[in-house]
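Asks: Sharing a structure here in structure tokens format.
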Amino acid sequence: MFDATSARPNARAQLLLRTISRVINQLPNRISITGHTSAAPGSNRATLPNDWALSSARANASRLILQSAGVDADRVYQVSGKAGSDPLYPDDPTLAGNRRIAIVLLREAPVLPTDTSL
């Protein structure tokens, strides 16, 4: 989804985000967006401090694309970065597939009725 040192989603990822925005807009859920980086060789997590900033920037750049495609800002609950601490491919944390974002539709408690006499 991202070049190694870039916070900007590649063209295919941008297309996916715009497509996903249409689905998000049909649902009532708020969303959480988490960015990830690939990790340093020989490690199962990122050790460079800038990986935390990069993963957060990836999540935020993705948020901006979703919002430009119509997702309301109030629907975004959280934007965060995990650096390389949670690789999709833990056997090879350097793989490009680890440079990704995760979008989670949040399940929230239903609104309580105003009439509590039931």
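Asks: With a 1.4 Å probe and all protein chains left in place, how much of the accessible area of the range 47-86 comes from carbon and sulfur atoms, in whole percent?
Replies: Using a 1.4 Å probe with all protein chains present, the range 47-86 comes out at 52 percent carbon and sulfur.
Asks: Related question: Using the basic label-point model (7 angstrom from Cα toward the beta carbon), what is the Ser32 to Val104 distance in nanometres?
Replies: Going from the Ser32 label point to the Val104 one covers 0.3 nm.
Asks: Right, next: Express in nm, to one decimal, how much length is gained between Leu95 and Gln67 on full extension, taking 0.36 nm for each residue of separation and deducting their alpha carbon distance.
Replies: Length gained, Leu95 through Gln67: 7.2 nm.
Asks: Once phi is turned into ³J(HN,Hα) by the Karplus curve 6.51 cos²θ - 1.76 cosθ + 1.60 with θ = phi - 60°, what whole-Hz value does each residue of the range 80-95 show in order, with x for glycine and proline?
Replies: My calculation for the range 80-95 gives 8, x, 10, 6, x, 6, 9, x, 5, 10, x, 6, 9, x, 8, 4 Hz in order.
The values are calculated or read from the model by the stated rules, or taken from the named source; none is laboratory data. As the structure is a prediction and not an experimental result, all values here were calculated from the model. Don't worry about glycine lacking a Cβ; one is built from the backbone with ideal geometry, like all the others, and counts go over all protein chains shown. The protein model used for the area step is the full one, side chains on, heavy atoms only, and it has no ligands, DNA or RNA in it. Shrake-Rupley method; radii C 1.70, N 1.55, O 1.52, S 1.80 Å.
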